[in-house]
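The structure appears below as structure tokens.
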Amino acid sequence: MMIVKILRAKLKKLKQEEFSLLQYNLLLNKKIFVASIDEKGEAFFVFLPEAEKELKEKISKIVEKIEDEREENYETLTARRFSPERTKKAKAINERLKLSNCENS
Amino acid sequence: MKVIEKTKSVCPICKRVIDAEIFEENGEVKIRKTCPEHGEFVDKYWEDYELYKKMMKYKFDGPGVENPQLPELSGANCPFDCGLCKLHLSHPLLVNMVLTNRCHLSCWYCFFYAKEGQPIYEPSIEQIEKMLKMLRSLKPVAPNAIQYTGGEPTLRKDLVEIIQLTKKLGFTHIQLNTTGINLMDKEYTKKLKDAGVNVLYMSFDGVDKNINTKNHWEVPYILESARYAKLGIVLVPTVINTWNDHELGNIINFGLNNIDIVRAVNFQPVSLVGRMPKEQREKFRITIPGAIKKIEEQTNGAITKEDWYAIPFVGAVSKFVEVLTGKPTYEFSAHPACGMATYVFLDEDKVIPITRFIDVEGLIQLLDSSADEMSGKASWERKLIAAKAALQVGKYIDKQKAPKSINFEKLLANILVKHTYSALGAFHVKTLFLGMMHFMDEYNYDIERVKRCVIHYVQPDGSEVPFCTFNVFPELYRDKVQELYSYKPEEWKKLHPGWDYQKDKYHRDIEKLEKGEAYKKTYSNLKKFW
């Protein structure tokens, strides 16, 4: 069983050029599986505990608030991707973005 | 210099996402971007501005995926928030699955196979089943086409079982991306065909043996096996400027000589992976219009640039079927710069591109307006409008110029009314499909293109990644996931007693292969169609 850590944080607002570089460099670490940062500074990370130090060091100067930090079984995390459960959540997002033409589905 | 579009790209050195401009210069389309740290990069995007303008008219946003695997990701930093995220604009039309990183060849330029002592990646049948089921659960349209790739997928002993499982789970199109070498075995080829493989997607970089060093000597025997098994082949040449760009006409000619079994030639202008100096990029770079121009020259005008259309050109066909049936259908919403295609027909010895006897633009317009007319109507009214459209198909066909051996009016009407795989299949039997698919690299990367990508990779962690994200940033997607799901060589050996790295490797006996009847028959006296 492999345990991964999940971290949600609010970062300082950066230009896309800056946060994409940070994101790319974080993802180069094979123990960081997800490093998602958006233009509002909303950040979401999934990583192995061994990568925690590096991750936190790299974002230390721009963290405004750690919003959620927890552990999860890697298999549980990936199982969600295979599960129909993801449908409901994403459907709402797609409806909001008007990306869906799902009326007949 | 005229700026055509603003987009996003990446710095080829540090990979940060940066603004980019698509612009016209001296009749060509180029991409320019400036990294605050590494300076300006300019590269060729498309060689023909006029053709670009014409094809961009057909660009449209697809329905995307309603239930992406990573809905929690923001997508703000495409291509680094991938897997898929909610911002992707197309659903997958074809999904690649890597079945192994073992290969029987060791091509110097390939970075995709396991070298001696490296971990072996080979998803289990349970993992494959999970990935397939996940794909079939995608909405609004689940992909029905899959390509098994590698390494060399035929090295897996359970390939027949995997194919059978794939068919059982509802995939109607299974293609095998292979060197073809193991398919010199006729009975094995038949087993694969019987299990459900629809087509072999086979590398073929030229007719000349000095160019196609990968499988030149084996191709004749593979063709024989394919004939025996009645399994169609798609020839897949990677096109590299100054290396095999003089072979394009010959490759099509080779396909026409074997039209009984070769269904298509799908050219892939080279993607310049890895860092490369500007002079080298200029030497090797060729894009779709450049390859099309060379085909026009090398076929003496038998196939011209006017014969080709961008992939989303057929968007109206999907729209028509979707409105008629009231169900979501496959949408070819790839970016126009990613792919073009045409069909050519053989009428005895004459090569006739489809555009010479079908007014394809008129026909697409008919479908588009019929779809608009059907929209919001009751089922019986929609069927009536569709039947009216099918009756009008004849107007768009010049019967004098059409190949005599095929009833096009019936064939096209069948596709529109039945819209089934077999109706479409009938279209392919007496034709050669010519495709162009240009995968991007770090220099010409355009996020507007990758967001519309319709060819994806699926991985055992449940992620699905567009082709040009998977292959341009292997360090973020492919390598990371494959390492997580790989076996160390000693683990692999334990699980497969008797296995040895060298035993996987193919050893060619050129003399023996060249002496064979199939070799002589295939390469001697090739008929010249132009």
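The values are calculated or read from the model by the stated rules, or taken from the named source; none is laboratory data. Remember, predicted model here, so these are calculated numbers, not experimental data. Note that each Cβ is placed from the backbone with ideal geometry, even for glycine, and that neighbours are counted across all protein chains shown.
What the table shows:
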{"quantity": "Filtered residues of region B:453-471 (kept if buried (at least 22 other Cβ atoms within 10 Å of the Cβ), more than 12 Å from chain A (Cβ to nearest Cβ) and assigned to a loop (DSSP other than H, G, I, E, B))", "calculated": "B:453, B:454"}
{"quantity": "Residue, nearest to the other protein chains (Cβ to nearest Cβ), within region B:52-75, restricted to residues that are within 20 Å of residue B:444 (Cα to Cα) and either among the aromatic types (Phe, Trp, Tyr) or part of a loop (DSSP other than H, G, I, E, B) (or both)", "calculated": "B:59"}
{"quantity": "Selected residue (only one of B:224, B:296 is at pLDDT 95 or above and within 15 Å of residue B:523 (Cα to Cα))", "calculated": "B:224"}
{"quantity": "Selection within region B:33-61 - farther than 26 Å from residue A:27 by Cβ and of a type in the set (D, E, K, R)", "calculated": "B:44, B:47, B:48, B:50, B:53, B:54, B:57, B:59, B:61"}
{"quantity": "Every residue from region B:166-189 that is among the hydrophobic types (A, V, I, L, M, F, W, C) and within 23 Å of the chain's Cα centre (by Cα)", "calculated": "B:169, B:171, B:174, B:176, B:181, B:183"}
{"quantity": "Unique residue being assigned to a helix (DSSP H, G or I) and touching a Gly at 6+ places or on another chain (Cβ under 6 Å) when the list is B:193, B:167", "calculated": "B:167"}
{"quantity": "The one condition in (1) under 25 Å from residue B:280 (Cβ atoms); (2) more than 9 Å from chain A (Cβ to nearest Cβ); (3) out of contact with any helix residue (DSSP H, G or I) (no Cβ under 7 Å at 6 or more places or on another chain) that residue B:79 fails to fulfil", "calculated": "(3)"}
{"quantity": "Criterion (over 25 Å from residue A:76 (Cα atoms), surrounded by fewer than 24 Cβ atoms within 10 Å (Cβ to Cβ) and either touching a Leu at 6+ places or on another chain (Cβ under 9 Å) or touching a residue at least 40 places away in the same chain (Cβ under 8 Å) (or both)) met by exactly one of B:75, B:170, B:150", "calculated": "B:170"}
{"quantity": "Within region B:93-145, tally of residues that are farther than 19 Å from residue B:495 by Cβ, out of contact with any helix residue (DSSP H, G or I) (no Cβ under 8 Å at 6 or more places or on another chain), within 14 Å of chain A (Cβ to nearest Cβ) and free of Cβ contacts under 8 Å to residues at least 40 places away in the same chain", "calculated": "1"}
{"quantity": "Which numbered condition residue B:303 misses (of (1) over 30 Å from residue B:194 (Cβ atoms); (2) surrounded by fewer than 21 Cβ atoms within 10 Å (Cβ to Cβ); (3) touching a strand residue (DSSP E or B) at 6+ places or on another chain (Cβ under 6 Å))", "calculated": "(2)"}
{"quantity": "Pairs with Cβ under 9 Å, 6+ apart, first in region B:505-524 and closer than 19 Å to residue B:210 by Cβ, second outside any helix (DSSP H, G or I) and aromatic (Phe, Trp, Tyr)", "calculated": "B:508/B:217; B:509/B:217; B:510/B:217; B:513/B:217; B:514/B:217; B:519/B:217"}
{"quantity": "Of the criteria (1) without any contact (Cβ under 8 Å) to a residue 60 or more places away in the chain; (2) within 27 Å of the chain's Cα centre (by Cα), which one residue B:406 fails", "calculated": "(1)"}
{"quantity": "Any hit, region B:213-235, residues being of a type in the set (Ser, Thr, Tyr), assigned to a helix (DSSP H, G or I), touching a residue at least 40 places away in the same chain (Cβ under 8 Å) and buried (at least 18 other Cβ atoms within 10 Å of the Cβ)", "calculated": "yes"}
